[in-house]
Every structure is written in structure tokens, then in C-alpha cells.
1. Explain nothing, just compute: Karplus ³J(HN,Hα) = 6.51 cos²θ - 1.76 cosθ + 1.60, θ = phi - 60°, for every residue of segment 59-65 in order, whole Hz, x for Gly and Pro.
2. Could I have the simple spin-label model distance between K189 and E39, label points 7 Å from Cα toward Cβ, reported in nm to one decimal?
3. Nearest 500 deg cm²/dmol is fine: what mean residue ellipticity at 222 nm does the chain get from its DSSP H runs of n ≥ 4 alone, each adding -39,500 (n - 2.57), divided by its residue count?
4. As a test, work out the antiparallel percent of DSSP beta bridges whose residues both lie in segment 3-192, rounded to the nearest 5.
5. Which pairs in the list K24/K54; K3/K181; K154/K185; K136/K189; K54/K181 are over 22 Å apart, alpha-carbon to alpha-carbon?
6. If you keep only loop residues by DSSP, which chymotrypsin sites (Phe, Trp or Tyr not before Pro) in segment 82-170 have at most 11 other Cβ atoms within 10 Å of their Cβ?
Amino acid sequence: MTKRRKLDELNIYWKENCQCELRKTATQAVFGDGNAEAEMVFIGEAPGKNEDLKGIPFVGAAGKFLEEMLEGIGMKRGDIYITNIVKYRPPNNRDPEPKEKEDCNEWLINELKIISPKLIVFLGRHSMTRFFPTEKISDIHGKLLIKPTSEFGKQAFLPLYHPAAALYNGGMRETLIKDFKKIPKALEKIKSA
């Protein structure tokens, strides 16, 4: 069975069985999107208004900025897989609560196990703290982290600021672009290790 087929079946299962309370207020579940064979998975926080309406992650202004940054390193959206730690939009785009993250956690972990990426890129602190709960994104953004995990064994991670935050803060935008340009070298380092 192909990875794409496994992901489709996973999404059908969790759409029916996820216990996240956000199901009650969201329009729909927002599944991960992109290349099931990708070397990189980008993980954001939760769907926003546009994502909730379209059922696709990162389709608003932050998604356009993400696509610009991918082009800047010679990639396109179809080269990667992108998902969120929470699969349903929190009301008024508030931060997802710990229980909501926990309710969607097994869905995310299964997604990552199917894809088995060489590099997991965190887009913002919410996805980062799922794997690095004691770290601050301001301290480790743009740094390649390789850590043994109970779910995947040894795994490479790269924390970045969320594109949405960078849209409203010029200084953070420059930092994110600079950090984003480290992705090709990080992938090379992982492959040669």
C-alpha cells in the first residue's frame, strides 16, 4: 500500500474517531497536504479561517509567504508535506489548548510515521513544544536538532518562527527568511550523517 493510500485511510479513521472538542465548532477537519514521499514535513499549529473553509492547511497569507520562502530555496509546495498539530480550527483563531493538542496527537504521530521524513520543520512554538516542551523558540529557532524519540527513533528537527507571526513583525520576517535558507544545508547534513 502506498504512503498516500495509508494517509488517506488514516485521515478517514481519525475524522470519525478523533475526540477533539474543536470538531463541534470547526467547519471540517483539515488534513495534512502535500507529497506523501516528502523528505520534509512542516508542522504548524492549527487551521485558521481560510484553512477551515477550504480543508487545506496553509492556504491564507501565511501559506503564501511559506510558498515564497520555499521558492527561495528552489522548492515548491508539492515537494513537501504540511500539517498541523491540531486538525480543527480553534474558535476565533485562539491558541490550541493542551487537551486539544493531546486529542489530535496520535493522528499527527501516525501521519509522521507513515511519511517517515528526514527532517521535521516546526512552524512556531506550538508544534515545537510537542517535541521540545522545555525549550523556547527564541533560543533554538534556525538550529538543527537531532534527538532520539520514542515514536521515530533518531529524528532531525528544525524549529522556525511561524510565517503568520513574521507577517506582522518585519524583524521576525527577516529572521525567518534567514533561518529558512538553512534548510538545504540541514538536509545535506542529515543525508550525509
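We did not get these values from a lab; they are worked out from the coordinates using the rules stated. Since this is a predicted model, take the numbers as computed values, not measurements. All Cβ positions, even for glycine, are placed from backbone atoms using ideal geometry, and neighbour counts span all protein chains on display.
1. Values per residue, Gly and Pro as x: 10, x, 4, 5, x, 5, 5 Hz.
2. Simple spin-label model gives 1.5 nm for this pair.
3. So the helix-based figure for the chain works out to -13500 deg cm²/dmol.
4. Details: 7 of 20 bridges.
Of all bridge pairs located within segment 3-192, approximately 35 percent are antiparallel.
5. Values: K24/K54 17 Å; K3/K181 28 Å; K154/K185 19 Å; K136/K189 24 Å; K54/K181 29 Å.
Pairs exceeding the cut-off: K3/K181; K136/K189; K54/K181.
6. Listed in order of number, the matching sites are Y168.
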